[in-house]
Amino acid sequence: MELGWACSSLLWLLFLSSLAVKLLRADLLLTPGLLLQVGLLVLLQGVSRAFLPLPLGTALTGTACWLVLAGATQRKRIPAVGRAVLITGCDTGFGKVAAHHLDTLGLTVYASVLDLKSPGAEELRQSCSSRLTLLEMDLTKAEDIQRVLQFIKAQTGRTGLWGLVNNAGINTTLADAELTPLHDFRSCMEVNFFGTLELTQGLLPLLRSSQGRIITISSPAGNMPFPCLSGYGASKAALSLVMDTLQYELAPWGIQVSVILPGYFKTDGSCNHAYWKERKAQLLAALSPELLEAYGEEYLEDINRQFLASMKFAVEDLSSVVESIVDGLLSTRPLVKYYPGRGLGPMYFIHHYLPHTVRNLFLKAFFINPKLPRGRQPKPCNSPRKQ
Ligand SMILES: NC(=O)c1ccc[n+]([C@@H]2O[C@H](COP(=O)([O-])OP(=O)(O)OC[C@H]3O[C@@H](n4cnc5c(N)ncnc54)[C@H](O)[C@@H]3O)[C@@H](O)[C@H]2O)c1
Ligand SMILES: C[C@]12C[C@H](O)[C@H]3[C@@H](CCC4=CC(=O)CC[C@@]43C)[C@@H]1CC[C@@H]2C(=O)CO
């Protein structure tokens, strides 16, 4: 009798802990169907303990548990061929890799780029099928957005537009909020928030007709206060919030909205040394004498040094982000949030469940921990005392 209980308890402990891990990792959803299957497993457990020898009953129940877990985590997909999607920011990074992959899946891809002559645009032109169309669009220019909206409406009259992937985004500054010029906040907002929102709004009539998908690449920097990323993070916070709102506002129209919150990946935008060297120089040149006196040039140099050092943690393989985009577009049950990359679990656990002081210490240790500004550093002993 005891052995039977021990086997059953161990079996259920293994099954329920696997289920919990998959739910936490968003590998599966707690659907009514899954709950019914768990109920049937309980019934099977009771029947096998009552009528079957222990080894047979345990094997039968164990196999049933495995089948439930395996079935629950198989993410089913809808056919890709014939579906049209627009993806922005395909000159480099996630957008370029995703555009190529979506093309290989048989989708009709409209890939927007900042510059039709960019190396990335040329690479897509050379490597993709005739189903991929490159479109030039600067999200800060309303006329560009309107031109793309007209083009997409004209081109997708027959197929409809199945999906929009809002990938394009910028980060212009790596510095404390006080040191970040207001126009840098505005630049991030213009591209990452207003431009993306204007394009999304413009495509909603098509997406409502197709009951399609919206996938937006935001950032954990929009959920938590990464040091020196307030300008970028604020724009991503606004973007995440509006997409989270659209997720339930558009549900009655059958549109499914997903937000992807990637970890740190090595792309042209995140790890371009020349770009960040230029941005640091422009930031220093723009600093007022008062701020330069209060913080000191060494303060910014140190931040930049730590940022360059952090790049070694950036993941080179972008496939997990691309897979999240594909799942958001083609899964029968797309997730509301995707967290591709390393360390997102602990990061969000700390953010949600531990005191903010712990979270802030984690973010500084994980990314950038600014040194004391010049104005707060102890004066050397021989310096003249202020009267
Ligand atoms: N790389 C990371 O670690 C990381 C992490 C989290 C989120 N993200 C986000 O992922 C998205 C893609 O970033 P990435 O890392 O591939 O960087 P990236 O710089 O390689 O790609 C950004 C793309 O946006 C385009 N773009 C820039 N300004 C634009 C404008 N005004 N109008 C239209 N397009 C414009 C660029 O041409 C480029 O193709 C961005 O939204 C970024 O914020 C990146
Ligand atoms: C903000 C960046 C993208 C991304 O958001 C990164 C951040 C570095 C810190 C960091 C760690 C994470 O695990 C989540 C993403 C993130 C907060 C990156 C520094 C440069 C890069 C970009 O500039 C993207 O264009």
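The values are calculated or read from the model by the stated rules, or taken from the named source; none is laboratory data. Computed from a predicted model, the values in this text were never measured in an experiment. Because the Cβ atoms are built from the backbone with ideal geometry, glycine has one as well, and the counts that use them run over all protein chains shown. Calculation scope for accessible area: heavy atoms of the full protein, side chains included, ligands and nucleic acids excluded. Shrake-Rupley method; radii C 1.70, N 1.55, O 1.52, S 1.80 Å.
The base-10 log of I(q)/I(0) for the range 42-149, evaluated at q = 0.14, 0.16, 0.22 Å⁻¹, reads -0.62, -0.73, -1.07 [Debye formula, identical scatterers on Cα atoms, solvent excluded]. In the elastic network of the chain, a GNM with C-alpha springs shorter than 10 Å, the most mobile of Ala365, Ala50, Ala286 is Ala50.
Loop-resident trypsin sites (Lys or Arg not before Pro) (DSSP state other than H, G, I, E or B) in the range 82-143 with no more than 13 further Cβ atoms inside 10 Å of their Cβ: Lys117, Lys141. In the range 254-312 the Cα-Cα distances spread across 10 Å bins starting at 0 as 19, 38, 23, 13, 6, 1 percent of all pairs. Pairs of lysine residues in the range 237-387 that meet both criteria, 8 or more places apart or on different chains and Cα atoms under 20 Å apart, total 11. Once the convex hull of all Cα atoms in the chain is built, its volume per residue stands at 191 Å³. In order along the range 162-179, the Karplus-derived 3J(HN,Hα) couplings, from 6.51 cos²θ - 1.76 cosθ + 1.60 at θ = phi - 60°, round to 7, x, 10, 10, 7, 9, 4, x, 9, 9, 9, 9, 10, 6, 3, 4, 5, 8 Hz, and Gly and Pro are given as x. Stretched out straight at 0.36 nm per residue, the stretch from Ala6 to Thr63 would grow longer than its current Cα-Cα span by 18.8 nm. Straight-line cross-link partners of Lys236 among the aspartates and glutamates, defined as a Cα under 16 Å from its Cα and at least 8 positions apart when in the same chain: Asp184, Glu190, Glu198, Asp244.
Rolling a 1.4 angstrom probe over the chain with all protein chains present gives an accessible area of which 63% lies on carbon and sulfur atoms. Beyond 21 Å, the tail of the calculated P(r) for the range 2-70 holds 24 percent of the Cα pairs. Panel values: the range 254-364, Kirkwood radius from alpha carbon pairs, Stokes-Einstein at 20 °C and 1.002 mPa s, translational diffusion coefficient 126 µm²/s. Heavy-atom accessible surface of the chain, averaged per residue, reaches 51 Å², computed with a 1.4 Å probe.
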